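Here is the structure we will look at, set down as structure tokens.
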Amino acid sequence: AQTVTQSQPEMSVQEAETVTLSCTYDTSENNYYLFWYKQPPSRQMILVIRQEAYKQQNATENRFSVNFQKAAKSFSLKISDSQLGDTAMYFCAFMGVRGGADGLTFGKGTHLIIQP
Amino acid sequence: DAGVIQSPRHEVTEMGQEVTLRCKPISGHNSLFWYRQTMMRGLELLIYFNNNVPIDDSGMPEDRFSAKMPNASFSTLKIQPSEPRDSAVYFCASRPYLGTDTQYFGPGTRLTVL
């Protein structure tokens, strides 16, 4: 079974700063997908960014980018120029691709607070 | 386009009562997932369907929980009888077709069992 670990329960930074959220995972699979989801107080789960394990290039979506280290099984999220609206819970998630519609395995989350 | 629709958004019930949560996936999506979120256990996959067929229900906590998908546009998660430890937020998510990766989540149902 896969496991996902987020070691930072809470982080707080000033607006406009850059912040990095860490995530490590454990799997015996060679091909898989990794995701970061954002959950604001509204509790809606919003996809932030995704990474395919067979792609070496790190995914980027505007101010959000990842540092994917497959050998180290590490998948960190960097938020540049942080904004007040980035305040939320952030969940790292893993999905295998064994040929079925596999569900997501989530980490426990990091509560990110952007201070004005 | 309408996203994943869940109802009700909030449910308060008493221990021992039957609870039914409903989900309408995005049109054209043929994979559907039910997740539960609690403070203690985080987000957990309960069950998922592909083409209306349950594929993996190993996450369903007990026989009190059951899920159905009678057609491509509707699924239910039922708890009978409900217990206070079932209090959680229940999410439904759908995905376009086998082989794609991104799941789209509904707004969740917050269930409180007194």
### Task
Restrict the check to segment A:79-93 and report whether at least one residue is crowded, with 17+ Cβ neighbours inside 10 Å, under 22 Å from B:ALA88 (Cβ atoms) and touching a Cys at 6+ places or on another chain (Cβ under 6 Å).
yes
### Message
Return the residues of segment B:8-29 that are in contact (Cβ under 8 Å) with a residue 60 or more places away in the chain and assigned to a loop (DSSP other than H, G, I, E, B); say none if nothing qualifies.
### Response
B:PRO8, B:ARG9, B:GLU14, B:MET15, B:GLY16, B:GLN17, B:GLU18, B:PRO25, B:ILE26, B:GLY28, B:HIS29
### Query
Quick check: is even one residue across segment B:14-36 over 30 Å from A:GLN51 (Cα atoms), more than 10 Å from every other protein chain (Cβ to nearest Cβ), of a type in the set (Lys, Arg) and in contact with a strand residue (DSSP E or B) (Cβ under 8 Å, 6 or more places away or on another chain)?
yes
### Task
For segment B:73-103, name all the residues that are over 16 Å from B:SER7 (Cβ atoms) and more than 14 Å from every other protein chain (Cβ to nearest Cβ).
B:GLN80, B:PRO81, B:SER82, B:GLU83, B:PRO84, B:ARG85, B:ASP86, B:SER87
### Task
From B:GLY3, B:GLY106, B:GLY42, grab the single residue that is in contact (Cβ under 8 Å) with a residue 12 or more places away in the chain, surrounded by 15 or more Cβ atoms within 10 Å (Cβ to Cβ) and either on the phi < 0 side of the Ramachandran plot or within 13 Å of another protein chain (Cβ to nearest Cβ) (or both).
B:GLY106
### Query
Among the residues of segment B:46-64 satisfying the criterion of being surrounded by fewer than 21 Cβ atoms within 10 Å (Cβ to Cβ) and at the interface with chain A (Cβ under 8 Å from one of its Cβ atoms), which is nearest to B:ALA88 (Cα to Cα)?
B:GLY59
### Task
Answer yes or no as to whether B:LEU32 is within 10 Å of the chain's Cα centre (by Cα), crowded, with 22+ Cβ neighbours inside 10 Å and of a type in the set (A, V, I, L, M, F, W, C).
yes
### Task
From the list A:ARG50, A:ARG63, pick out the single residue that is closer than 20 Å to B:TYR35 by Cβ, of a type outside the set (A, V, I, L, M) and without any contact (Cβ under 8 Å) to a residue 40 or more places away in the chain.
A:ARG50
### Task
Considering every residue within segment B:41-49, establish whether at least one is acidic (Asp, Glu) and either in contact with a helix residue (DSSP H, G or I) (Cβ under 7 Å, 6 or more places away or on another chain) or in a loop (DSSP other than H, G, I, E, B) (or both).
no
### Query
Does A:TYR33 satisfy the condition of being at pLDDT below 95 and under 16 Å from the mean Cα position of the chain (by Cα)?
yes
### Query
Do you know which residues across segment A:34-44 are crowded, with 16+ Cβ neighbours inside 10 Å and out of contact with any Gly (no Cβ under 8 Å at 6 or more places or on another chain)?
A:LEU34, A:PHE35, A:TRP36, A:TYR37, A:LYS38
## Note on the structure
Of the listed residues (A:PHE35, A:PHE68, A:PHE75), the one being more than 9 Å from every other protein chain (Cβ to nearest Cβ), closer than 27 Å to B:CYS92 by Cβ, in contact (Cβ under 8 Å) with a residue 12 or more places away in the chain and in contact with a Ser or Thr (Cβ under 9 Å, 6 or more places away or on another chain) is A:PHE75
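Can you confirm whether A:VAL66 is under 24 Å from B:LEU43 (Cα atoms) and of a type in the set (A, V, I, L, M)? Show your work before the answer.
On the way: under 24 Å from B:LEU43 (Cα atoms): yes; of a type in the set (A, V, I, L, M): yes.
In short, yes.
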### Query
Restricting the search to segment A:78-111, which residues are in contact with a Ser or Thr (Cβ under 6 Å, 6 or more places away or on another chain), farther than 20 Å from A:PHE68 by Cα and modelled with pLDDT of 95 or more?
none
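The values are calculated or read from the model by the stated rules, or taken from the named source; none is laboratory data. It should be emphasised that the depicted structure is a prediction, and the values quoted were computed from it without experimental measurement. All Cβ positions, glycine included, derive from the backbone under ideal geometry; neighbour counts span all protein chains shown.
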